[in-house]
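This report refers to the structure that appears directly beneath it.
The values are calculated or read from the model by the stated rules, or taken from the named source; none is laboratory data. Just so it is clear, the structure is predicted and the values come from calculations on it, not from any experiment. Neighbour counts run over all protein chains shown; Cβ positions are idealised from the backbone, glycine included. Just the protein is used for accessible areas: all its heavy atoms, side chains included, with ligands, DNA and RNA removed. Shrake-Rupley method; radii C 1.70, N 1.55, O 1.52, S 1.80 Å.
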Amino acid sequence: MLYPNIFRHLFSDRLIFVMDAKKFTLASPLTLLTTRRQMLLSCLALAAFTSRSGFAGAIGLPAAREPRKPGGGTHCVMIDPGHGGIDPGAIGHQGVKEKHVVLAIANKVRRNLSQHDNIQTKLTREQDEFIPLFRRVELAQQHQADLFVSIHADGFTSPSAAGASVFALSNRGASSAMAGYLSQKENAADDVAGGKYREQDNYLQQVLFDLVQTDTIKNSLTLGRHLLNHIRPVHPLHSQHTEQAAFAVLKSASIPSVLVETSFITNHQEERLLETSAFQDRIALAISNGIVDFFASFDALQRRLDSAKHR
């Protein structure tokens, strides 16, 4: 199967995907399509990249974005407080609910980032409400977010599990048993709504995503490294590097996305910590500083690229 080469042009606050129709590389063959409908969708997915907005815009997927104007611009960050409404998330031994804790932390992250004039912050939910996983990804796309950070405080079968972790998407299986367990648990969040959201047909979206996911995951891992660098001094880490698994909420085709497990709410000590404003402030500041560092590194890269062009 032949795919056109896709080149990523990186700007400080926009990620642009450009198709070079003159160059082709041989990719692994797609899984055999058994129906004409699937074949049609695959063709439409490939055709979507031949125009600037194309079919991708019609189905709500992000079209190619314009580079930022010279002189600066605003970065947009989508902060996603996990769970909400009828989905409480994990519940600690003392009854603390994940959905409340992560909303409090997300609001603190937004408050911190509001101090930076070049960063605009949006939340997927402002209150205790249920939002299906696919809708969280859609919100980030609709706001043309440059980053997506999902905040959680998950649980495990053993109360001894402790520490913070950062996860990026993987299309090759989980990087650890814990990553696999947590991704399955998080991906089941929509089940509380009776399974109606599992019927969403995402075949076309998956084909589009497969074409660009490598670079997006690479940038997600870079974001994860920045976050871990700031979380490490304020709270023990469960994993020293960015883990990977197939988290549904991280499946954005063009937006670097990570999931931050701030602590394990099923750990007795960490459950108590998660309730305190002091810990929430520390972890929120660490997340905020990691995001700021990520943008600063790409702004610096853009300045170097601009400088090289004018030599």
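Summary of computed values
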item: Residue list for segment 255-311, restricted to those being of a type in the set (D, E, K, R), more than 19 Å from Asp146 (Cα to Cα) and either modelled with pLDDT of 95 or more or within 23 Å of the chain's Cα centre (by Cα) (or both); result: Glu261, Glu270, Glu271, Arg272, Glu275, Asp281, Arg282
item: Test set (1) touching a residue at least 60 places away in the same chain (Cβ under 8 Å); (2) surrounded by fewer than 22 Cβ atoms within 10 Å (Cβ to Cβ); (3) touching a His at 6+ places or on another chain (Cβ under 9 Å); (4) of a type in the set (D, E, K, R) - Asp146 fails condition number; result: (2)
item: Which numbered condition Val109 misses (of (1) under 22 Å from Thr276 (Cβ atoms); (2) buried (at least 21 other Cβ atoms within 10 Å of the Cβ); (3) in contact with a Gly (Cβ under 8 Å, 6 or more places away or on another chain)); result: (3)
item: From Phe148, Phe156, residue being at pLDDT 60 or above, under 17 Å from Pro81 (Cβ atoms) and not small (Gly, Ala, Ser); result: Phe148
item: Number of the exception - Val102 against (1) part of a loop (DSSP other than H, G, I, E, B); (2) open to solvent by less than 20 Å² (accessible area, probe 1.4 Å); result: (1)
item: Checklist (1) touching a residue at least 24 places away in the same chain (Cβ under 8 Å); (2) open to solvent by 10 Å² or more (accessible area, probe 1.4 Å); (3) under 30 Å from Ser160 (Cβ atoms) applied to Ala245, failing item; result: (2)
